[in-house]
Amino acid sequence: MRVLDSELMKSYARMAMDGFNQGWHERNGGNLSYRMKAEEVEALRDDFKEGEWRVIGWQKGDESAFPGLAGEYFMVSGSGKYFRNIELDPEANVCIIELNEEGNRYRIVWGLRNGGMPTSELPTHLANLEVLKARDPEMRVVYHCHPGNTIALTFVLPLDSRVFTREIFEMVTECAVVFPEGIGIVPWVICGGRQIGEMTAEIMKKQDVAVWAHHGAFCCGKDFDLAFGLMHTVEKSAEILVKVLSMSPSKLNTITPENFRELNAPFSIHINEDFLYERKSNKIGYVPE
Ligand code: 13P
Ligand code: ZN
């Protein structure tokens with residue numbers, strides 16, 4: 001089967017366009033990776049070519065290995081490519097890469113028809129995907145985007161996972177149900193580098209969302225719906241918080257820790273207690289002692 005005719009390519013392109021339509025992908029902003037299933041690789045193999053093996057490195061001269069992903073195939077967006085063009089011409093903007101048996105080299109087996117490289121965040125995607133596969137073999141999608149409200153909050157909320165998560169949780173009941181382990185925060189660090197990649201992968205060991213201060217967010221999921229839906233939920237809550245902050249620096253009414261705990265049994269979840277601290281004030285951004 002041709003990659004262009006596959007359900008996988010269609011789902012990937014739909015997610016890219018959904019993200020673009022949300023306004024999360026100005027210019028070449030954002031990137032998307034998907035760890036393919038063995039049966040997807042087999043079905044598409046006839047459409048593959050053999051590119052040359054390349055090192056995987058965060059910086060020039062740097063070489064990284066992801067042994068937990070050895071031999072796997074990934075659908076990845078191209079560096080400098082625009083999400084708004086993916087659905088129009090997937091073959092020019094997306095590629096499929098294969099990792100070698102040591103997990104330290106990749107080659108392009110499909111796509112980037114007019115040349116180019118996988119996203120500059122490739123090592124970060126692979127670091128995340130490796131951690132996620134160890135967490136749950138069904139975890140396949142890593143998504144990076146630039147959602148405006150979430151980014152705006154990184155200028156006014158403390159860059160503290162506990163506080164940031166709690167404020168997001170309080171805006172929409174659904175949040176604590178969808179991501180009960182909360183949001184991890186990476187302070188401003190240069191993007192595309194090893195430090196930010198390793199900090200994000202550390203977060204992904206336990207949490208499904210990482211916010212990069214003054215830049216964007218990374219999230220993960222077992223499929224495109226779950227990864228997109230997760231980002232959509234975070235950003236919706238961030239939008240409400242921006243609206244609340246534009247009216248008042250504090251809240252008159254809110255969801256209490258006891259309210260959150262009531263969600264655990266009916267939704268079969270366990271909201272991490274780290275986020276359910278008592279607050280002495282309803283000022284937005286309150287830091288517990
Ligand atoms: P790429 O075009 O290399 O994927 O980079 C976009 C981006 O958002 C970097 O953080
Ligand atoms: Zn980015």
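The values are calculated or read from the model by the stated rules, or taken from the named source; none is laboratory data. Note that the structure is predicted; figures quoted are calculated from it, not measured. Note: ideal-geometry Cβ built from the backbone for every residue, glycine included; neighbour counts use all protein chains shown. To get the accessible areas, we keep the full protein, side chains included, count just its heavy atoms, and leave off ligands, DNA and RNA. Shrake-Rupley method; radii C 1.70, N 1.55, O 1.52, S 1.80 Å.
So Ala92 ticks every box in (1) in contact (Cβ under 8 Å) with a residue 40 or more places away in the chain; (2) more than 19 Å from Thr124 (Cα to Cα); (3) in contact with a Lys or Arg (Cβ under 9 Å, 6 or more places away or on another chain) but one. Which box is left unticked?
Condition not satisfied by Ala92: (1).
What are the pairs, 6+ residues apart or on separate chains, where a residue within the stretch 191-204 that is free of Cβ contacts under 8 Å to residues at least 60 places away in the same chain has its Cβ under 7 Å from a residue that is among the small types (Gly, Ala, Ser)?
Ile203/Gly184; Ile203/Ala210
Restricting attention to the stretch 19-62, which residues are closer than 30 Å to Lys236 by Cα and either acidic (Asp, Glu) or away from ligand 2 (no atom under 16 Å from the Cβ) (or both)? Spell out how you get there, then give the answer.
First pass over the stretch 19-62, keeping only residues closer than 30 Å to Lys236 by Cα: 19-36.
Answer for the stretch 19-62, where residues must be closer than 30 Å to Lys236 by Cα and either acidic (Asp, Glu) or away from ligand 2 (no atom under 16 Å from the Cβ) (or both): Asn21, Glu26, Tyr34, Arg35, Met36.
Go through (1) part of a helix (DSSP H, G or I); (2) touching a Cys at 6+ places or on another chain (Cβ under 8 Å); (3) within 16 Å of ligand 2 (Cβ to nearest atom) for Val142 and report which single condition fails.
The single condition Val142 does not satisfy is (1).
So, Thr124, is that one of a type in the set (S, T, N, Q) and either more than 16 Å from ligand 1 (Cβ to nearest atom) or assigned to a strand (DSSP E or B) (or both) or not?
Numbers: of a type in the set (S, T, N, Q): yes; either more than 16 Å from ligand 1 (Cβ to nearest atom) or assigned to a strand (DSSP E or B) (or both): no.
No, not satisfied.
Go through the stretch 84-114 and count every residue that is part of a loop (DSSP other than H, G, I, E, B) and either open to solvent by less than 30 Å² (accessible area, probe 1.4 Å) or in contact with a His (Cβ under 9 Å, 6 or more places away or on another chain) (or both).
Here the count works out to 3.
Hey, among Glu50, Glu42, which residue is over 23 Å from Ala134 (Cβ atoms), of a type outside the set (Gly, Ala, Ser), more than 14 Å from ligand 1 (Cβ to nearest atom) and in a loop (DSSP other than H, G, I, E, B)?
Matching residue, one of Glu50, Glu42: Glu50.
Any idea which residue in the stretch 150-190 is nearest to Asp274 (Cα to Cα), counting only those that are within 16 Å of ligand 2 (Cβ to nearest atom) and part of a helix (DSSP H, G or I)?
For the stretch 150-190, the residue satisfying everything is Thr150.
Which of (1) away from ligand 1 (no atom under 15 Å from the Cβ); (2) under 15 Å from Val142 (Cα atoms); (3) touching a residue at least 40 places away in the same chain (Cβ under 8 Å) does Gly68 not meet, given it meets every other one?
Only one criterion in (1) away from ligand 1 (no atom under 15 Å from the Cβ); (2) under 15 Å from Val142 (Cα atoms); (3) touching a residue at least 40 places away in the same chain (Cβ under 8 Å) is unmet by Gly68, namely (2).
Take the residues in the stretch 8-48 that are farther than 13 Å from Asp225 by Cα and basic (Lys, Arg); name whichever of them is surrounded by the most Cβ atoms within 10 Å (Cβ to Cβ).
Arg35
Give the stretch 115-130 a look and list any residue that's away from ligand 2 (no atom under 14 Å from the Cβ), open to solvent by 30 Å² or more (accessible area, probe 1.4 Å) and within 23 Å of Ala227 (Cα to Cα), or say none.
Correct list: Glu130 only.
Say we look at the stretch 144-163 and pick out the residues that are within 16 Å of ligand 1 (Cβ to nearest atom) and of a type outside the set (Val, Ile, Thr); which of these is farthest from the chain's Cα centre (by Cα)?
Checked the stretch 144-163; the qualifying residue farthest from the chain's Cα centre (by Cα) is Gly148.
Identify, from the list Val244, Val211, the residue that is under 19 Å from Phe164 (Cβ atoms), within 16 Å of ligand 2 (Cβ to nearest atom) and not charged (D, E, K, R).
Val211
Being of a type in the set (D, E, K, R), touching a Leu at 6+ places or on another chain (Cβ under 9 Å) and within 12 Å of Val55 (Cα to Cα) is the filter here, so list the residues in the stretch 87-108 that pass it.
Residues of the stretch 87-108 of a type in the set (D, E, K, R): 87, 89, 91, 98, 101-102, 105, 107.
Filter again for touching a Leu at 6+ places or on another chain (Cβ under 9 Å), leaving 91, 105, 107.
Selection gives Arg105, Arg107.
When residues of the stretch 1-22 are filtered for being in contact (Cβ under 8 Å) with a residue 24 or more places away in the chain and away from ligand 1 (no atom under 14 Å from the Cβ), how many remain? So that I can check it myself, show each step before the final result.
Taking the stretch 1-22 and keeping what is in contact (Cβ under 8 Å) with a residue 24 or more places away in the chain, we get 1-4, 6, 8-9, 11-20, 22.
This time we only want the ones that are away from ligand 1 (no atom under 14 Å from the Cβ), so: 1-4, 6, 8-9, 11-15, 17-18, 22.
Within the stretch 1-22, residues that are in contact (Cβ under 8 Å) with a residue 24 or more places away in the chain and away from ligand 1 (no atom under 14 Å from the Cβ) number 15.
Give the residue that is farthest from ligand 2 (Cβ to nearest atom), with candidates limited to residues of the stretch 86-95 that are closer than 13 Å to Leu32 by Cβ and not acidic (Asp, Glu).
Pro90
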